[in-house]
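What follows is one structure encoded as structure tokens, with my remarks underneath.
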Amino acid sequence: MVTTAIVEAAGTFTQATKTPFAMWLDALRSGDYRQGTGLLRCKDQFCCLGVSCDIAVEQGVIPEPERDGNTYFYGDGSEECFLPPEVFAWLGLDTSDPLVGADGARQFVTHLNDAAGLTFPEIADLLEATFPHLMTATPAVTPTPTV
């Protein structure tokens, strides 16, 4: 987990952390990624799952992707369309293509990204509504050493 703040209070340090899942949703909402379809990443375009792979690379969870022309392959170099196991486990998910609630039904995020035409922020909202427990981590509390 990535440390986002350290606060000193009443003789203890409380470390607030951001979960990998929350980092992913922040990135989807940031406007920093150009949305694409069909592949995790093609040139400079990402699907919603590809954004999480990019963050996983930045965080050292998986190695840099292999590249074949304009297509990027993540994890062990075999994943071009779905989350590698290392990434979905890191995010707290149990599948390579999560189902989220949309229009009264549950749909795969790849479908929402590729076929339904939802934007990254819309997909992030659905992910957050479906998996609210993945948004927060229990803060670590470290007592102040006594001298």
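Details
- Other-chain or far-sequence residues with amide H under 5 Å of R41's (modelled H): C47, Y72
- Positive minus negative residues near T95 (Lys, Arg vs Asp, Glu; Cβ under 15 Å): -3
- Simple spin-label estimate for A105 and A89 gives 3.3 nm between the two label positions (7 Å along the Cα-to-Cβ direction from each Cα).
- For C42, solvent-accessible area (1.4 Å; no DNA, RNA or ligand), Å²: 50
- Accessible surface of D68, taken over heavy atoms with a 1.4 Å probe and every protein chain present, rounds to 110 Å².
- The alpha carbon radius of gyration of segment 66-133, expressed as a multiple of 2.2 N^0.38 Å, is 1.20.
- Karplus-derived HN-Hα couplings along segment 52-59 (A = 6.51, B = -1.76, C = 1.60, θ = phi - 60°), whole Hz, x at Gly and Pro: 5, 5, 4, 5, 4, 5, 4, 8
The values are calculated or read from the model by the stated rules, or taken from the named source; none is laboratory data. Just so it is clear, the model here is predicted, and its values are computed rather than measured. Using ideal geometry, Cβ is built from the backbone for each residue, glycine included, and neighbour counts are taken over all protein chains shown. Just the protein is used for accessible areas: all its heavy atoms, side chains included, with ligands, DNA and RNA removed. Shrake-Rupley method; radii C 1.70, N 1.55, O 1.52, S 1.80 Å.
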